[in-house]
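I have placed the structure first, in the form of structure tokens, so that the comments after it can refer back to it.
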Amino acid sequence: MLAAVEPLLEVRGLSKNFGGVQAIQDLSFIVKPKSIKGFIGPNGAGKTTVYNVISGIIPPTCGQIYFQGQKITGLKPYRIAELGLVRTFQNIQLFHTMTVLENVMMGRHIRSRSGFFASSLRLPAMRAEERRIREQALETLAFVGLQDKAQAAASSLPLGHQRLLEIARALATEPKLILLDEPAAGLNTRETSQLAELIFQIRNRGIALMIVEHDMELVMDVSDEIMVLEYGRKIAEDIPRNIQSDPKVIAAYLGEMETQSDAEAQEY
Amino acid sequence: MIKRVWKVIEQFHFLLFCLLVLSLPLILRRFEAGDYYLSVLVLAGISSIVVIGLNLLMGYAGQISLGHAAFFGLGAYSSGIVTIRYGLSPWLGFALSIGLNAVVAYILAEPILKLKGHYLAMATLGLGMIFLTLFSNLAITGGSEGLSVAKLSILGYVLNSRELKEVNYYYFTWSIALLLMHLALNLVNSRVGRALRAIHASEIAAHSIGVDIAKFKTQVFVISAVYAGVAGSIFAHYSTFLCPPDFGLTQSIRLLTMGVIGGMSSIWGAVLGAAILTMLPQLLDVFAEYDILVYGLVLILAIIFMPQGMSQKISLGWEKLTGQGSQGS
């Protein structure tokens, strides 16, 4: 007898229109606790839009989103982050004027409370909290392997490290679910396999992940389940092995290759 | 040995700065410099207070304000009206100045800070214009004829009268300036200061990891308005006469220039910029009515040659001098 696992994230009938363009159409899916869900699809399928809607940056046209059973549609992004749902960005969004450590310390923002009053007076409670924030941030940095770079400027890091730093900052918020947006983009083979290792370690901490990624080897390798989006519609959702042999998925990706080679052919 | 001296200076630089400020009048007297210099330093202190608040808003949180003279004026007129029109204690004037600025800024923050970039600049510019029009036309402010304000008295002792007036007022102004500077320095090195800088660097990232952007923007706007208000009150009792042009666009630009020259994202920069730009015109007396041109020129040159302001140049120079550039501080 297996008890039904309550989904961590549940998306029901989500649609998003931009003017006349239907970016997402009637999308429903769930993410189970402590699972890794791959999320793939040809360019322009609407994957990042799905992330933007879930994280509250843009409102859905219709549909509902539940996180741990609580409706989060319409909540401000910071409220959603407080509940334990954070994301990273395809075009990395670091606080480039701050150090690596300060970036991760920002991750502790929602788990700490010193306000203007306590901070400007440096009250003892504030100082103690500040020490804790720093320690926890250093721990998180060590977890992703960036402890040596703590005092470096965030903007000075190479791309691979910037991606790790963004993940560290998300981890510092003590999330239950992290939405990664193309975490392997721009990484070399070695860095990509280290990233896969890190993803497993994050899951071992009891954190679920959803991963948008074009590196198929990585997605197939780490995902428990993969969802495929094409033109804003879900065309498949299954375990990696079945996805690889799904004719609809192959057609979607072959179609993309064909249009690409068409475009190339036209150039000649 | 010398390394140790550097270290001590670095560790206690704020305390040393306080000592310098406290001893300046004595040094000036030693050189038999007149009250004139002290009066310039009083004005520098008053401007410092406004610019510290402005830097919190602009340099740290990244929200431009081209209308800060409005809050400076609101503070000054609060004090003036309370003491002259109603004959109440100047301390009540200070309290009202702080309270009124906080309330007005709080009400304005929500709609205004939704705007970004040029639009925010336009809105704050308009805000400054509206307040200037009010100062110039309301009966209670004395309109364009101006308003006389009483001197400041503490327990019956009038601070700025008789022969000690400049020294007294110097200590009064700078104690408040140093206190507010201390609070601001604490603030920027805290969870709140980090959040402000994060908002400046990437609003979308700050939002997505849980920073309530609207709340922090509102709070820092209120704080910077309160700083301007306190400075306005101090100014009112010092100049003892208020006229609207002191709180117009020129003043807003002057305050902005101070921040840019000193360094927007630095509390020290605010004080440095305020000091330089208060003293500079006294030296540039020869330019007379062309002073606004000189301001413009100084602003342009500063942006071209030291976009981070003078305070950053100085701290880089300091690191080079003490040979700890790589460690940072």
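Counting only residues that are surrounded by 20 or more Cβ atoms within 10 Å (Cβ to Cβ), more than 24 Å from the chain's Cα centre (by Cα) and charged (D, E, K, R), region A:96-129 holds 1 of them. Listed conditions (1) touching a residue at least 24 places away in the same chain (Cβ under 8 Å); (2) in a helix (DSSP H, G or I); (3) not small (Gly, Ala, Ser) are all met by residue B:280, apart from (1).
Annotation: of all residues in region B:257-275 being within 14 Å of chain A (Cβ to nearest Cβ) and among the hydroxyl-bearing types (Ser, Thr, Tyr), the one that is surrounded by the fewest Cβ atoms within 10 Å (Cβ to Cβ) is B:265. Within region A:99-120, the set of residues being closer than 25 Å to residue A:7 by Cβ and more than 7 Å from chain B (Cβ to nearest Cβ) comprises A:111 only. Do we find a residue being in contact (Cβ under 8 Å) with a residue 40 or more places away in the chain, in a loop (DSSP other than H, G, I, E, B) and buried (at least 18 other Cβ atoms within 10 Å of the Cβ) anywhere in region B:118-136? Looking for residues that are in contact (Cβ under 8 Å) with a residue 40 or more places away in the chain, in a loop (DSSP other than H, G, I, E, B) and buried (at least 18 other Cβ atoms within 10 Å of the Cβ), one finds none in region B:118-136, hence no. Screening residue A:134 on (1) touching a residue at least 12 places away in the same chain (Cβ under 8 Å); (2) surrounded by fewer than 16 Cβ atoms within 10 Å (Cβ to Cβ); (3) part of a helix (DSSP H, G or I) shows it passes everything except condition (2). The conditions of being surrounded by fewer than 22 Cβ atoms within 10 Å (Cβ to Cβ) and not in a helix (DSSP H, G or I) are met by residue A:187.
Of the residues screened, residue B:149 is one that is hydrophobic (A, V, I, L, M, F, W, C), more than 7 Å from chain A (Cβ to nearest Cβ) and surrounded by 23 or more Cβ atoms within 10 Å (Cβ to Cβ).
Which ones in region A:52-82 are touching a residue at least 60 places away in the same chain (Cβ under 8 Å) and within 10 Å of chain B (Cβ to nearest Cβ)? Working first, answer last.
As a first pass, look at region A:52-82 and keep what is touching a residue at least 60 places away in the same chain (Cβ under 8 Å): A:54-55, A:67-69, A:81.
Listed by number, the residues that qualify are A:55, A:81.
How many residues does region B:183-231 contain that are more than 7 Å from chain A (Cβ to nearest Cβ), of a type in the set (Lys, Arg) and surrounded by 20 or more Cβ atoms within 10 Å (Cβ to Cβ)? Of the residues in region B:183-231, 1 are more than 7 Å from chain A (Cβ to nearest Cβ), of a type in the set (Lys, Arg) and surrounded by 20 or more Cβ atoms within 10 Å (Cβ to Cβ).
Here's the yes/no breakdown for (1) facing chain B (nearest Cβ under 8 Å); (2) closer than 21 Å to residue A:210 by Cα:
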site	(1), (2)
A:94	yes, yes
A:97	yes, no
A:122	yes, no
A:126	yes, no
A:136	no, no
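All of the numbers you see were taken from the coordinates with simple rules; none came from a lab. Nothing here was measured: the structure is a model prediction, and the numbers come from that model. Positions of Cβ are generated from backbone atoms using ideal geometry, with glycine treated the same way; all protein chains shown enter the neighbour counts.
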